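Heads up, the thing below is written out as structure tokens.
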Amino acid sequence: MKVLVTGGAGFIGANLVRLLLERGHAVTVLDNLSAGRRAYLEGLPLTFVEGDILDVELVGQVVAGHDGVVHLAAQTGVPGSLANPRRDCEVNVIGTLNVLEACRQAGVSRFVFASSNAPLGRQSPPATEDKAPLPISPYGASKLAGEGYCLAYHGSWGLGTVVLRFANVYGPYSAHKSSVVAKFFKDVLAGRGITIDGDGGQTRDFIYVGDLCRAILLALESEVSGEVFQIATGVETSIRSLAEMVQEVVGQDVGVQYGPPRQGDIRKNYSAIRKVRRVLGWHPMVSLEAGLRDTWTWFSAQRW
Ligand SMILES: NC(=O)c1ccc[n+]([C@@H]2O[C@H](COP(=O)([O-])OP(=O)(O)OC[C@H]3O[C@@H](n4cnc5c(N)ncnc54)[C@H](O)[C@@H]3O)[C@@H](O)[C@H]2O)c1
């Protein structure tokens, strides 16, 4: 399959393109390098196009000739959406519409959309596909709009869209990220202790990027369309126990400080993964400990 990965120079993209190439797919990456790094793709046999998903003409040209698109390019977090909700809307809503519309016009058959649990907002956990979305951040609202357009392009024109709601993803190629696992490893490498926001009792569902990319690949290669799936482990881990595991993995007691809680931080967040198990036959295979070891191997080999 000829596969276009938007945002392919980012964290998840850098891992995904390697898996796609291993599977024998031909890969094109479209990325404006606003967050991702060209160096993550160095030496890989793929076509790289530096450009923006808001450039309608360019998107049309790049999408043409592909069989499938994995749409990762986005404004990727709640803080960025609070700082600039208009930009968040432009990139995540209009940008997604641009890519979908180009797919419709070019007759692309498969489209996988990177969503998150943010559309579910104030719903209590576990996150499931059948709970009504109640976003509490502009990021949640823009991802929900993206989900809506994906389902609408399936409903109106039969485009083979699948929406995947990723939990907290961690793994190699995340040096530019401010997610908690990347932050803890960067804290260790910088020689400062780990800082936990709040009391550390807040919980998250951490999924290894290799497991996540297998789910994206399965969705891309399947014939399932017009569906939403939670992609997670179903396991709840507190930030305090994550900090303990990180110290075990790096083999030193680096010291833990507790800072003020982050404003608006959700106390509990994890997902139920019954639907993806049943429909796509996917389940996570990498334990948190093994995934953290892999991630640490990558981080500790980087030049800072
Ligand atoms: N990492 C997670 O834990 C997580 C969780 C839920 C959802 N997601 C979603 O997964 C996707 C990938 O996330 P990631 O963690 O790899 O983030 P990332 O920032 O590493 O990757 C996003 C990539 O998109 C590119 N990009 C941003 N705006 C663009 C634009 N206008 N035009 C072209 N390229 C653009 C960036 O340069 C970057 O390389 C995003 O859609 C994100 O919202 C990620």
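Quick note: the coordinates plus some simple rules give every number you see, no bench work behind them. These figures come from a predicted structure and were not determined experimentally. Please note: Cβ atoms are built from the backbone with ideal geometry, for glycine as well, and neighbour counts cover all protein chains shown.
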Table column - 3J(HN,Hα) (Hz), the range 210-222, Karplus curve with 6.51, -1.76, 1.60, x for Gly and Pro: x, 5, 4, 5, 5, 5, 4, 4, 4, 5, 5, 7, 7
Placed amide H near residue 35: partners under 5 Å, 5+ positions off or other chain: none
Projected area, mean over directions - the range 147-239, Cα convex hull, nm²: 7.5 nm²
Selection of trypsin sites (Lys or Arg not before Pro), the range 144-238, meeting DSSP coil and at most 13 other Cβ within 10 Å: 192
Set of aspartates and glutamates near residue 186 by C-alpha distance (under 16 Å), chain-local residues within fewer than 8 positions excluded: 197, 244, 248, 253, 294
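Could you tell me the convex hull volume per residue, in Å³, taken over the Cα atoms of the chain? Provide the component values of the computation, followed by the final result.
Working: hull volume 36.6 nm³, N = 304.
In the chain, the Cα convex hull volume per residue is 120 Å³.
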Cut-off under 5 Å, modelled amide H: who pairs with residue 195 long-range: 257
In degrees, nearest ten, helix 95-106 long axis to first principal axis of the chain (Cα): 30 degrees
Cut-off 18 Å (backbone N to label point 7 Å along Cα→Cβ of residue 57), residues of the range 83-122: 98-99, 102
Long-range amide H partners of residue 227 with built H, under 5 Å: 163
Prolate/oblate/rounded call for the range 195-304, Cα gyration tensor, a/c under 1.5 rounded: oblate
Proximal charge balance of residue 73 [Cβ under 10 Å; K/R count +1, D/E count -1]: -2
Cα-centred dipole magnitude for the range 1-43, charges only on beta-carbon of K, R (+1) and D, E (-1), debye, nearest 20: 40 debye
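Restricting to the chain, compute how many DSSP beta bridges are antiparallel as a %, nearest 5.
On the way: 2 of 39 bridges.
Antiparallel: roughly 5 percent of the beta bridges in the chain.
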Residues in the range 156-197 that a label on residue 277 would reach, taking backbone N under 17 Å of a point 7 Å out along Cα→Cβ: 167
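Before rounding to the nearest 500, sum -39500 (n - 2.57) across all DSSP H runs of length at least 4 in the chain and divide by the residue total; then give [θ] at 222 nm in deg cm²/dmol.
Dividing the helical sum by the residues of the chain leaves -11500 deg cm²/dmol.
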